[in-house]
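The values are calculated or read from the model by the stated rules, or taken from the named source; none is laboratory data. Because the structure is a prediction, the values reported are computed rather than measured. Every residue, glycine among them, receives a Cβ derived from its backbone with ideal geometry; neighbour counts consider all protein chains shown.
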Amino acid sequence: MATETTDRLLIETNFENLVKKSKKYIKSRNENELVALKSDVEKLRERVNIALDTISSGHDANYLTTLKLTLSIIQKFTCSVELMENLKSKQPLCEEFDTKQMLDILLPNIKSVIDCDNWAENLERDYAFIESLEDQHKRILLSYLIQDWRNMDEVLTLLKIGEIYKNIAEKLVNLSLLSSYIEKH
């Protein structure tokens with residue numbers, strides 16, 4: 001049980017670092033930060049795989065489900081980091097595209113899932129908010145595209161990153177709904 005608690009704390013800390021570095025890279029576009037971000041994603045994947053390897057049959061089914069979902073979320077972050085590599089402009093295309101806010105909303109929800117605590121409490125409301133943010137971002141980015149078609153690559157990349165963050169939120173909501181159903185029956 002002490003190992004499980006340690007694993008959860010390490011995974012939470014790694015997610016916090018991942019979100020912090022993602023936000024920093026989105027703002028600065030510094031190549032060194034991207035390298036550190038890639039490294040953090042790999043460290044997190046390794047930590048979760050180690051936790052999965054050490055699970056014995058006596059562990060809580062929610063913990064196993066959480067670890068599997070965490071791997072899925074890490075894969076989404078891996079995709080977003082790969083997309084961030086494609087951001088060529090050293091100046092963010094527009095400040096209104098606030099993926100940092102999406103990450104700020106996702107982090108506490110990811111942490112609550114890792115802790116197997118109150119999964120459904122705020123997830124649906126946060127998902128709806130992230131979905132509305134993503135719709136707003138689409139309108140803003142399309143206006144930048146209309147202004148200059150040479151922004152196409154960056155606009156598409158930013159749209160994909162927003163979609164990935166929305167997909168992470170959707171996965172969290174689906175898990176919370178499944179968990180609530182299982183607990184009731």
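Taking the stretch 20-47 as the range and being touching a Lys or Arg at 6+ places or on another chain (Cβ under 9 Å) and among the β-branched types (Val, Ile, Thr) as the test, only Ile26 passes. Restricting the first member to the stretch 95-121 and to residues that are of a type in the set (Gly, Ala, Ser) and part of a helix (DSSP H, G or I), and the second to residues that are loosely packed, with under 14 Cβ neighbours inside 10 Å and modelled with pLDDT under 65, the beta-carbon pairs closer than 9 Å and six or more apart or on different chains are Ser112/Asn118; Ser112/Glu121. Selection within the stretch 14-71: residues that are of a type in the set (Phe, Trp, Tyr) and modelled with pLDDT under 85. The member of this set that is farthest from Leu175 (Cα to Cα) is Tyr25.
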